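First the structure, in the form of structure tokens, and then the observations on it.
Please treat every number below as a calculation from the coordinates, not as lab data. Remember, predicted model here, so these are calculated numbers, not experimental data. Every residue, glycine as well, gets a Cβ built from its backbone with ideal geometry; the counts of neighbours run over all protein chains shown.
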Amino acid sequence: MSSADPRTGEPSSSRRRSGDGVWPEPFVEALAVQVAIDASKTGGRLSVAPAVVAVFQVCSSWRAISQSELLWQSLTRRVWSRERRRLLTWRAEYAHCHRTGRNFRLRHCVHSTVFIDPTLACRRLSLSDRHLAAGFLDGSVRLFDLSTADLVATYLPHPGRDILGSFSQSISGVLLDRASRLVYASQDGDIHVASTLNGAVHAARRVRVGNAVEDGTLVDFAGCDRWWVGLFAGVPGRSLHVWDGDTEELAFVGGSLTDPDAVIGWHMFTDSGGPVGRVRFSDPATIVGCTGSRLQVLSLDDPEVVLAEHGFRRGAAVEAVDACDGRVMVVNGQGIAKVSAARTLEEVCRFNTIRRRPAGVQQQAPVGERPVGCMNWGYAVVCGPDGGVRLWDALTGEYLYTFRERIAGSAGAVASDDRRVAVWCGETGLHLWDFGQL
């Protein structure tokens, strides 16, 4: 017969045991993280918060553990890929990321027109927490402060460097990295770096002088936390160049992705025609290169080895090629977007980016009016020739909505991060949608 508890009079075998004794705090935190990972895989990032909240409803001891900053730091990093805290606590940081992601899905945003100059043609856009950078056909780069929408710096091309052609200094890539640097490159192969540390804007310095005879035309340029990658067309066997962003030294040259487009690459110095290809980092160690006819995936561990490759029978609209969070999106000539796991090219989802037309009417986009698009952690943004900016779920292919504000013309460039969407239209300028203000 079991003895009674002298404090309650209940049999000791029937007492509810302390959660702290059975479930140590590190175990509960590990359980919550695993629940978060499972929920993210099955239902997406927005399903994580309800799942984790359910875990902490078990008892008061577990609810107390939910205040752990280490727990919310781990959850924010794993679920939202946030390495730096911008708010006072990691719990507040996670809540802000979740709220912003939900705003994306529900179309809760603030729209503004940041900059208008109909004489300029924008080629590339890039976003950071503090700044928006735009690179133009004339070789200039403009930097804007997102908190005020003010133009804070203009970087002009070097005079007399256009000897290769009138478009040799056209911007082929612009990025704002986590080291608070603006990095931009032009078609002649020049690369410039300017510091934006603590909001102060400094003059740009040229860290690489291009050699078009040896490399060809730099048709696209991108970067991640440490690495920069350039896609060249013009010289066989030198399609990809990879630089160490910390040392600014060239680390790899090789690849044949753009060998069939060599002639078009040379013409880009004197002709502002359509783009040859795009190059992106799908994650910090994986490079995705795409032309109108072929997609290749390479690893920085061994860039000479192609991890996966895919050819396009109907061609790809390279203006709508993007990669993020281990996935890549490609839109083909018929407007069908396909999102795939980058390293294997296994299909995640697909959707039609062209508005449905009456029966018997061809669905293919008119020549010269291909879609322009990008992708962030969970959503795909595609701008159509009708001025509509549309959003899809990049994990399921579900069409969500068209932005209320039209850009009144064809988009020239588009970019998105986990909070904002930026679109350039020649007629109405630079548009910005902010999903994190509400």
Study note, to complete from the structure: Square roots of five times the C-alpha gyration tensor eigenvalues of segment 310-351, ordered largest first and given in whole Å, equal 16, 10, 9
Practice item. Could you work out the per residue convex hull volume over the alpha carbons of segment 23-65, in cubic angstrom? Key: 55
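Just need the relative contact order of segment 61-159 here, percent rounded to a whole number, with Cα pairs under 8 Å and 6+ apart.
On the way: 95 pairs, mean separation 13.1, N = 99.
Across segment 61-159, relative contact order equals 13 percent.
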Review point. Between Q334 and V213, what is the spin-label point distance in nm, taking each point 7 Å from the Cα along the Cα→C-beta axis?
Key: 4.7
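Roughly how large, in nm² to one decimal, is the mean projection of the convex hull of the alpha-carbon atoms in segment 200-346? Don't jump to the answer; show the numbers that get you there.
Values: hull surface 38.6 nm².
Approximately 9.7 nm², given one-decimal rounding.
Roughly how many debye, to the nearest 20, is the charge dipole of segment 111-262 about its Cα centre, given +1 on each Lys and Arg Cβ, -1 on each Asp and Glu Cβ, and no other charges?
Numbers: 12 positive and 19 negative charges, 51 e Å.
I would put it at about 240 debye.
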Study note, to complete from the structure: Cα-based Debye curve of segment 110-434 sampled at q = 0.07, 0.10, 0.11 Å⁻¹ gives log₁₀ I(q)/I(0) of -0.24, -0.52, -0.63
Review point. Put +1 on the Cβ of each Lys and Arg and -1 on the Cβ of each Asp and Glu in the chain; which of G384, C97, A285 then has its Cα farthest toward the positive end of the dipole?
Key: C97
**Study point:** Karplus-derived 3J(HN,Hα), 6.51/-1.76/1.60, for each residue of segment 392-402, Hz, glycine and proline x
**Key:** 10, 6, 7, 9, 10, x, 6, 6, 9, 5, 9
Check your understanding: Which of the listed residues, V297, V321, L307, is farthest toward the dipole's positive end in segment 287-335, when Lys, Arg count +1 and Asp, Glu count -1 at the beta-carbon?
Key -> V321
**Study point:** Nitroxide proxy distance, nm - points 7 Å out along Cα→Cβ at T270 and T113
**Key:** 3.8
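Tell me the GluC sites (Glu not before Pro) within segment 50-142 that lie in a loop according to DSSP and have at most 12 other beta-carbon atoms within 10 Å. Present the calculation step by step, with values, prior to reporting the outcome.
Values: sites: E69, E83, E93; in loops: E83.
Here the GluC sites (Glu not before Pro) that fit, given the DSSP loop and packing criteria, are E83.
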Check your understanding: Where nothing but the Cβ of Lys and Arg (+1) and of Asp and Glu (-1) is charged, how large is the charge dipole of the chain around its Cα centre, in debye to the nearest 20?
Key -> 1540
Check your understanding: By count of other Cβ within 10 Å, fewest leading, how are C425, C290 ordered?
Key -> C425, C290
Point to revise | Karplus (6.51, -1.76, 1.60) ³J(HN,Hα), θ = phi - 60°, over segment 192-197, in Hz, Gly and Pro reported as x | key: 10, 9, 9, 7, 10, 4
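Based only on other Cβ atoms within 10 Å, what is the fewest-to-most ordering of K41, K338? If you can, show how the numbers build up before the last one.
On the way: K41 10, K338 19.
In order of increasing Cβ crowding within 10 Å: K41, K338.
How do the peptides 47-56, 301-310 rank, highest first, by the average count of neighbouring beta carbon atoms within 10 Å per residue?
Values: 47-56: 16.8, 301-310: 13.3.
Order by mean packing, descending: 47-56, 301-310.
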Point to revise | Residue order, fewest to most beta carbons within 10 Å, for M329, M375 | key: M375, M329
Practice item. Rounded to whole Hz and in sequence order, give me ³J(HN,Hα) for segment 244-250 from the Karplus expression 6.51 cos²θ - 1.76 cosθ + 1.60, θ = phi - 60°, writing x for Gly and Pro. Key: 7, x, 6, 9, 6, 9, 5
